[in-house]
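Have a look at the structure below, then the notes.
Rule-based calculations on the coordinates, nothing more; no lab input. It should be emphasised that the depicted structure is a prediction, and the values quoted were computed from it without experimental measurement. Using ideal geometry, Cβ is built from the backbone for each residue, glycine included, and neighbour counts are taken over all protein chains shown.
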Amino acid sequence: MAGWIILFAAVCILFAATQFVFLPKIVTTLRYGAVKPRGRGRRIIKEVKGESIVYDAAPDVSHVIPQYLLSERNGEKLLVCKLDESVRSVDYDVALFDKNGKVFKVLNVREEVGRAGYAREIALPRKTEYVSLYLNAADGVCRGVGAPAGKIPKRRVVLYIAVFLAAVFLSVWLLRICIANLFGGLYGESFLHDSSQNAVVAVMWLAVTFLDVLFALIMFKVKNRTKKRRKSRAGN
């Protein structure tokens, strides 16, 4: 009995992780093409709790953001941008690179400047090795073209459908076996082979699969709309 309880709990955890951890991660993680860093490092500033690197921004950004500082303090990474002192509002994208030189995320920053000449500090993921800045607008006027837009590869869509169809079916099937052995008693064996119960399992599998695919399609659409809005904002 204890073994079935443990298996039942493990399957429930696996099913929950599949639905609420792995699925959202797969359908919300964008992939970016080959993107090269645009800033040029000028100097390293040694600090008691870390170090900072001062970068000159790319020419198409430098008239609004001439320099930026990538700082690491106590294991935390921060980005601080120096602005032209006349700028009162700014909209820019920050492409984050990992140690392999690949973009893993793009942040959009829009803010009203509180201190003339400086943007607010931005906390970055720890795996950020360096960044590139792409200007969208300043003081409500378009000043750039924005960052490269990511996409969800079609191959990942096919993989998602295959993996989750199998994972959901396996989870439902294992849950049925666990329930039959835990609560079926003398009728546990018949519960597993009852055609009406097979129909229930099939309906459950189809229902969960439908919801998963619907969620994936909604997220794909949301991501595409976000990409289109970014391009539209940069092009206005």
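A few remarks follow.
- Protection proxy ranking of 98-106, 163-171 - average other beta-carbon atoms within 10 Å, highest first: 163-171, 98-106
- Value of [θ]222 nm, deg cm²/dmol, for the chain, DSSP H segments ≥ 4, -39500 (n - 2.57) each, nearest 500: -14500 deg cm²/dmol
- Largest mean-square fluctuation among Val21, Val113, Val35, in a Gaussian network model of the chain whose springs join Cα atoms under 10 Å apart, belongs to Val21.
- Highest-first arrangement of 22-34, 52-64, where packing means the average Cβ count within 10 Å: 52-64, 22-34
- Sum of side-chain charges, Leu96 neighbourhood, beta-carbon under 12 Å (Lys, Arg +1; Asp, Glu -1): +3
- Between helix 195-235 and the chain: long-axis angle, C-alpha atoms, 0 to 90°, nearest 10: 10
- Relative contact order, percent, the chain [alpha-carbon distance under 8 Å, six or more residues apart]: 20
- Only Lys, Arg (+1) and Asp, Glu (-1) charged, at Cβ; the chain dipole about Cα centre in debye: 920
- Positive-end extreme of charge dipole, the chain - chosen from Ala199, Asn74, Leu14 (charges on Cβ): Asn74
- Fraction of the pair-distance distribution of segment 1-78 above 18 Å, Cα-Cα pairs, percent: 68
- Think of each Lys and Arg Cβ as +1 and each Asp and Glu Cβ as -1; about the Cα centre, that makes the dipole of segment 70-117 roughly 200 debye.
- With N counted as the residues of segment 96-159, its alpha-carbon radius of gyration over 2.2 N^0.38 Å works out to 1.41.
- Lysine pairs within segment 66-184, Cα separation less than 12 Å, 8 or more sequence positions apart or different chains: 5
- Spread over its residues, the convex hull of the C-alpha atoms of segment 34-97 is 107 Å³ per residue.
- When percent of Cα pairs over 30 Å apart is computed from the coordinates, the matching label among (i) 31; (ii) 47; (iii) 39 is (ii).
- Shape summary of segment 23-154, radius of gyration then Dmax from alpha carbon positions: 14.9, 47 Å.
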